[in-house]
Amino acid sequence: MKMNTDRFNLTVDEYLSETNVLFYLNDAVTQLLEHKEEYTQFGVVRYFAEYFTSVKNGNHVLFREFSYIKATPHNRESFIHIFWKCFRQIGKNGDLLAMSEYSSLLQLLCPDFPNNMIQNAARIVLIDDATDCLMSFSDFIYSFQIQFYYEEFVESVSVIYQDLLSGKNPNTVIVPTSTSVEQLSSTANEEPDAQEGVDSSIFIECIEGLCERFKHKFPSTVAIKEILESSQRVSFYGFLMALAKHEGVNQDIGALPNKSDLLIDPEMDQELDRLIAQVAISPTSNNSSSSAVGQKETSKKASPRKSLHQRKRIEMESDGSTEETDSSEN
């Protein structure tokens, strides 16, 4: 979890607002009350220690509801990072997946992850509404990162873009709702002029005005200017794709490595090699499965004091490793 280097110069309210401490404290208490019998067995102090360690390490978003994983910038960054860690093997194998398949993968980590968010990310990759086309893992994940991490910014820019297309006052910025954004996205794909784009210089002025009063996260204005000043006209999805490919924007978010390192993860590769070696020396798959089940049950009995977060993390890592092994063998 990234911290402001000047945090010691912040006021109490500024610090609490930047770190979202009260949000996490409230969630920790809520989780404790909902699972009181389980957590009180090994102590409240240990529970809070494990909860905030999980938050710091970014494992706290696994299997949580969508409203939770999008609640803070750190949660969004953590979810993007976990999605990459779990399904990086897809990109390494060179597999191309449809939007519905990426939706299924995301919903393995967050069961109520909305399809419209995934559809909007696919539109960035495909530029138009042909969301039934196949996409590479690298193209999808960087576009998904922009759509998910900067959701409010993308929605507001969509409103500005549509205003410019329709000739409305570019200085008027409307705060979008989820319904209005869906309508705007649909309109953007139906309007012939949308493919030609808008004047980049005017677009820059409008976005700068938005950023000056924006309360949510947004890409650096330096990156935005760099993208928009490279051409006289720009389309909405062309702008988003440029943001997705911009290394500076990716580094500012901090969830994914650069594209050249996206498929490199030595620790995961070593773990896969270890698992493959275990399968190779196993006498029979049935015995191996029985042994694994027995070990899992023994582990549970021997460690009843593990928190819900720890167990979920262990189970996820186990499931992810098996899937990646299967895909590697195929």
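Amide H contacts of residue 233 (H built 1.01 Å from N, in plane; Pro and chain starts excluded): 200 sit under 5 Å, all sequence-distant by 5 or more or on other chains. The protection proxy used here, the mean number of other Cβ atoms lying within 10 Å of each residue, ranks peptides 204-213, 233-242 as follows, highest first: 233-242, 204-213.
For region 12-57, the per residue solvent-accessible surface stands at 63 Å², with DNA, RNA and ligands left out and a 1.4 Å probe. Shown in residue order for region 49-64 are the 3J(HN,Hα) couplings computed by the Karplus curve 6.51 cos²θ - 1.76 cosθ + 1.60 at θ = phi - 60°: 4, 5, 4, 6, 5, 4, 4, 4, 7, x, 8, 6, 8, 4, 6, 8 Hz (x for Gly and Pro). Remark on residue 135: its backbone amide H falls under 5 Å from those of 97, 98, a criterion applied only to residues 5 or more positions apart or on other chains, H modelled at 1.01 Å from N. Of the solvent-accessible surface of region 12-57, computed with a 1.4 Å probe over protein heavy atoms with every protein chain present, carbon and sulfur atoms account for 59 percent. Peptides 50-57, 13-20, ordered by how many other C-beta atoms sit within 10 Å of their residues on average, highest first, read 50-57, 13-20.
The 3J(HN,Hα) values that the Karplus relation (6.51, -1.76, 1.60; θ = phi - 60°) gives for region 242-248 are, in residue order, 5, 5, 4, 8, 6, 5, x Hz. Gly and Pro appear as x.
Calculated FRET efficiency, residue 136 to residue 25, Cβ-Cβ distance, R0 = 30 Å: about 0.15 to the nearest 0.05. Of the peptides 74-81, 92-99, 32-39, the ranking by mean beta-carbon count within 10 Å, highest at the top, reads 74-81, 92-99, 32-39.
The values are calculated or read from the model by the stated rules, or taken from the named source; none is laboratory data. Keep in mind the model is a prediction, meaning the values are calculated, not measured. No Cβ is skipped: glycine too gets one built from the backbone with ideal geometry, and neighbour counts run over all protein chains shown. SASA here: full protein model, heavy atoms, side chains in, ligands and nucleic acids out. Shrake-Rupley method; radii C 1.70, N 1.55, O 1.52, S 1.80 Å.
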